[in-house]
Amino acid sequence: MSERLERLASQLPERNLDAMLISAPENRRYLSGFTGSAGYLIITSAQATLFTDSRYTEQAAGQAPGFQVIEVRGGWDWLMEHLKESGIQRVGFENRHMTVANYDSILDVLKQDGNLGKVSLVAASGIAEEHRVIKDGQEIALLQKAIDASDAAMEAVRPAIKVGMTEKEIAWRMEKAMRESGADGLSFETIVASGPNGAMAHHMPSDRPIQAGEPILIDMGAIAEGYCSDITRTMVVGEPDETFNKIYDIVLGAQLIAINTVRSGMTGEDCDGLSRMVISDAGYGDNFGHSLGHGVGLKVHERPGVGPRSQDTLEPNMVFTVEPGIYLPGWGGVRIEDIVVLEAGGAKVLSNASK
């Protein structure tokens with residue numbers, strides 16, 4: 001944590017900031033270790049302070065030893081007092097996270113206090129995310145724990161899927177199995193899409209019963225100590241038809257091409273193009289409407305972007321999904337998703353549920 005804090009603090013002068021106000025929960029956790037649901041960080045080149053309410057002060061003191069923990073109540077009086085005491089003037093804030101209401105409230109308080117006339121709020125989202133995009137060894141170990149939970153659940157539940165089960169029943173079994181396999185919770189609502197429902201990439205489970213021979217798309221993820229997993233498998237109960245075999249082979253080929261070819265220095269757009277070319281050449285380019293993947297970490301969707309317009313440069317120790325798909329209205333869909341970590345020689349697959 002101290003190294004993360006030092007890296008961020010060292011960037012403040014070059015961005016012409018006296019301090020950074022951290023409000024996004026995942027950035028708060030990344031920089032301090034504090035896992036409570038309420039609190040703010042103020043980081044300067046010389047000091048790190050964590051402000052939270054009475055529910056969490058003891059927890060914060062134990063989890064964030066590098067921070068001075070200050071108990072606060074509602075409103076923004078605590079922020080004004082801190083700014084006065086410290087002499088901070090240019091405060092970076094996470095404009096992609098802070099609500100307009102909170103922003104306006106802070107400005108109102110600043111205007112009302114004549115002693116804070118020189119204080120300004122500076123939009124500075126992305127500072128913490130720039131560091132989070134490269135995973136350290138501890139983070140990769142926690143990601144693997146979450147991935148192992150979802151892999152184990154998939155392997156445990158898939159053989160038990162039978163004709164007549166509903167999408168909701170399968171989703172519940174997967175969620176229960178992830179918990180039993182070490183997950184602390186779900187990284188997102190489980191998707192189970194059978195038959196024609198699979199043509200909707202993010203269909204939510206319904207009471208529709210599973211039928212023989214149709215595609216069943218299952219997309220799910222676990223959380224372990226704050227870190228997320230995200231995997232998708234597509235299967236059939238009984239014998240698949242010719243359409244399933246054809247579409248599945250195209251999607252699997254597109255995924256393997258990207259996994260085996262992506263290299264450090266490529267952009268997210270370059271990586272996306274590896275799979276998209278395979279699907280387009282097979283005549284299904286219009287049926288692959290989403291990006292190839294996304295970063296995974298403390299959020300299930302984060303940087304780097306791996307899509308048609310992503311200019312993020314892929315670097316070693318970045319973790320992201322590779323999830324091509326083809327969706328045919330009236331029939332269903334096939335998506336196969338794995339999480340990889342980019343290493344010096346290429347991508348290493350971290351998710352291992354069978355395909």
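No value in this document is a laboratory result; all are computed from the given coordinates. None of these values were measured; they are calculated from a predicted model. Don't worry about glycine lacking a Cβ; one is built from the backbone with ideal geometry, like all the others, and counts go over all protein chains shown.
Here are the numbers for the structure shown:
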{"item": "Efficiency of FRET from Cβ geometry, Glu239 and Asn102, R₀ 45 Å, rounded to 0.05", "result": "0.20"}
{"item": "Relative contact order computed over region 209-259 (Cα-Cα under 8 Å; 6+ residues apart), in percent", "result": "35 percent"}
{"item": "Extended-chain gain in nm, criterion 0.36 nm per residue less alpha-carbon gap, Ala38 and Gln138", "result": "33.6 nm"}
{"item": "Bins of 20 Å, starting at 0 and running to the largest distance - Cα pair percent for the chain", "result": "28, 48, 23, 2"}
{"item": "Straight-distance crosslink candidates among lysines, where the alpha carbon sits under 25 Å from Lys84 and sequence neighbours closer than 8 are dropped", "result": "Lys111, Lys118"}
{"item": "Region 105-118 - phi-based ³J(HN,Hα) in whole Hz, Karplus 6.51/-1.76/1.60, Gly and Pro as x", "result": "5, 5, 4, 4, 5, 4, 5, 6, 9, x, 6, 10, x, 8"}
{"item": "Entries in Lys135/Lys355; Lys135/Lys348; Lys299/Lys355; Lys145/Lys176 that, when Cα-Cα distance is taken, lie over 19 Å", "result": "Lys135/Lys355; Lys299/Lys355"}
{"item": "Volume per residue that the Cα convex hull of region 2-132 spans, once the total is divided by residue count, Å³", "result": "96 Å³"}
{"item": "Least to most buried among Arg96, Arg303, Arg208 (fewest other Cβ within 10 Å first)", "result": "Arg96, Arg208, Arg303"}
{"item": "Sequence-separation-based contact order of the chain, relative, with Cα cut under 8 Å and 6+ spacing, percent", "result": "13 percent"}
{"item": "Sequence ranges 77-88, 144-155, 309-320, 191-202, ranked by mean other-Cβ count within 10 angstrom, highest first", "result": "144-155, 191-202, 309-320, 77-88"}
{"item": "Backbone N under 17 Å from the Asn16 label point (7 Å along Cα→Cβ), restricted to region 81-107", "result": "89-93"}
{"item": "Anisotropy class of region 137-349 from Cα gyration tensor, a/c 1.5 cut", "result": "oblate"}
{"item": "Packing-based exposure ordering (other Cβ within 10 Å, fewest first) of Tyr103, Tyr40", "result": "Tyr103, Tyr40"}
{"item": "Per-pair calculated FRET efficiency, R0 = 25 Å: Gln89 and His301 via Cβ, rounded to 0.05", "result": "0.10"}
{"item": "Highest average packing first - 179-188, 28-37, Cβ atoms within 10 Å", "result": "28-37, 179-188"}
{"item": "Mean-position separation - Cα centroids, region 1-39 and region 188-251, in angstrom", "result": "38 Å"}
{"item": "Residue order, fewest to most beta carbons within 10 Å, for Val91, Val349", "result": "Val349, Val91"}
{"item": "Region 303-318 - phi-based ³J(HN,Hα) in whole Hz, Karplus 6.51/-1.76/1.60, Gly and Pro as x", "result": "5, x, x, 10, x, x, 10, 7, 9, 4, 7, 7, 10, x, 6, 8"}
